[in-house]
Amino acid sequence: MTVNLLDFDLEGLTAFCEQLGEKRFRAVQLFRWIHQKGASRFDEMSDLAKSLREKLPSVCSISGLPVLSRQDSADGTIKWLFDVGDGNAVETVFIPEDDRGTLCVSSQAGCAVGCRFCSTGHQGFSRNLTTGEILAQLWHAEHFLRQHLKSSERVVTNVVMMGMGEPLQNYSALVPALRAMLDDHGYGLSRRRVTVSTSGVVPMIDRLAKDCPVALAVSLHAPNDQLRDVLVPINRKYPIAELLDACLRYLPAAPRDFITFEYCMLDGVNDQPEHAAQLLDLVRHHGGQGVPCKFNLIPFNPFPDSGLKCSPRPVVQAFARTLSEAGIVTTVRKTRGDDIDAACGQLAGDVMDRTQVARRIAAAQPIRFVHPAKE
C-alpha cells in the first residue's frame, strides 16, 4: 500500500521526502501542488524533476475521499457525503456568506460523546478519521468550489471543526491537519479563522494550547453540572469548573482574547431565565476573575427520536437579551442548510456503531426540565 500524501503536514512531508533522498524544497513544492493547486497527479507537477515525478507513483499517492453525494441548499449551502470505508460515511458542509466561506469539517466517523441533542451522537461511533481523511474534506471542497465558481482566489476562508465527531478525541490526527490548514505553503488560514469545537476534553485543551492554539469553541449547553451531566455526558468526567479552568489556561495562547461558548436552545430544558442568570454568574465570577467569552445561541434542529424541541423564538430572543444586557457578546446562530439536513447538530452520515452509544441513548430517561441548583 502506498503512502497518501494528504496524511502529512509540511514537516511530515519533509521527513518523507528525506527518506527518498530529496531535499526540503521538494517537499515544499509537493505541498504547494497538492494544497494550493489541488493536484492529484504527479505528472501535473511541472517544476519537479522528471526523475522524481517518475519515482513518486510507485511509493505514494494523493488520494481524496470518494464522494457519495452532494446536496445544494436553496441558501447556497453545500453538503458532501464522503465514503471513508467499512460502511462509514461522513458529512462536510460549506456555508457561503458575504464576507467569508466557512467549511464545517468532520473528525470522526460518528461520535462517542453522546450529546442528547446531536444527531451525530445518536448514530454512535465507528472510528477516528486519519489526518488525510480530515484534510481531504478541505482539499476537495476548496478545489471543487474554485472550479465551480471559476475563482482563482481562496474560497474557503474559515474552517470549523464542528462536523461529525469530537475533534480532541482524535488529537494525533487533528493537529497535523490543523498545521496544514495554517501553513502558508498549504491553505494559509489564520489561527483566528480555524476553530476547534469541543465538548470539553480538558487534558487535550491544555495540549492544544501548547501544540497548535487556534480559536476554541466549547459546547457548553447547560449552566450547571446536574443538567450538563444529562445533556453532555462527558461532563461527568470533566465537570464545568474543570472545563472553565482549562479555558482560562488556554486564553494566553489563543489567537482571540475570548472563548466562544456554544449553547443549544432546548425548549423547557435549558432556556429558562434561571439558566441565563446562572450562566452569567459562571462566566463573570469563575476563578475569581471570570472567563472572557461570547455566547453563540444555537436553535435546536429537531431530528427523529431526540425527544426534544427547539425553544420558541421569543424565548431565544429573551435569553440572548439577558446575556447581552449584562455585557456578554451574544449571537443567535442563523440556521443554514436545514432543507438538506446540514444545519448544526443534524450531521449524521452513515456510521457502523461499534460502541452501542445509540442503544444507550435510546434507553436513557426522557429529559425533563432541571432547575438550577439553588444558592
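The values are calculated or read from the model by the stated rules, or taken from the named source; none is laboratory data. Just so it is clear, the structure is predicted and the values come from calculations on it, not from any experiment. Neighbour counts run over all protein chains shown; Cβ positions are idealised from the backbone, glycine included.
For first residues located in segment 140-163 and over 28 Å from residue 216 (Cα atoms), partners that are in a strand (DSSP E or B) and lie 6+ apart or on another chain with Cβ distances below 9 Å form the pairs 148/78. In segment 52-66 there is at least one residue that is exposed (fewer than 14 other Cβ atoms within 10 Å of the Cβ) and under 22 Å from the mean Cα position of the chain (by Cα).
Flag: residue 260 does not match the condition of being touching a residue at least 40 places away in the same chain (Cβ under 8 Å), in a strand (DSSP E or B) and closer than 22 Å to residue 6 by Cβ. Would you confirm, using the coordinates I've provided, whether residue 112 is over 28 Å from residue 72 (Cα atoms) and either not in a strand (DSSP E or B) or not hydrophobic (A, V, I, L, M, F, W, C) (or both)? So residue 112 passes the test. Check segment 241-255 and report whether any residue there is in contact with a Pro (Cβ under 6 Å, 6 or more places away or on another chain) and assigned to a loop (DSSP other than H, G, I, E, B). Yes.
Condition check ((1) outside the structural domain of residue 137 (by TED's automatic domain parsing); (2) over 30 Å from residue 227 (Cβ atoms); (3) buried (at least 19 other Cβ atoms within 10 Å of the Cβ)) across all residues:
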| position | (1), (2), (3) |
| --- | --- |
| 27 | yes, yes, yes |
| 33 | yes, yes, yes |
| 38 | yes, yes, no |
| 49 | yes, yes, no |
| 77 | no, yes, yes |
| 84 | no, yes, yes |
| 106 | no, no, yes |
| 111 | no, no, yes |
| 119 | no, no, yes |
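In the list 317, 289, which residue meets the criterion of being within 16 Å of residue 264 (Cα to Cα) and surrounded by fewer than 15 Cβ atoms within 10 Å (Cβ to Cβ)? Exactly one residue qualifies, and that residue is 317.
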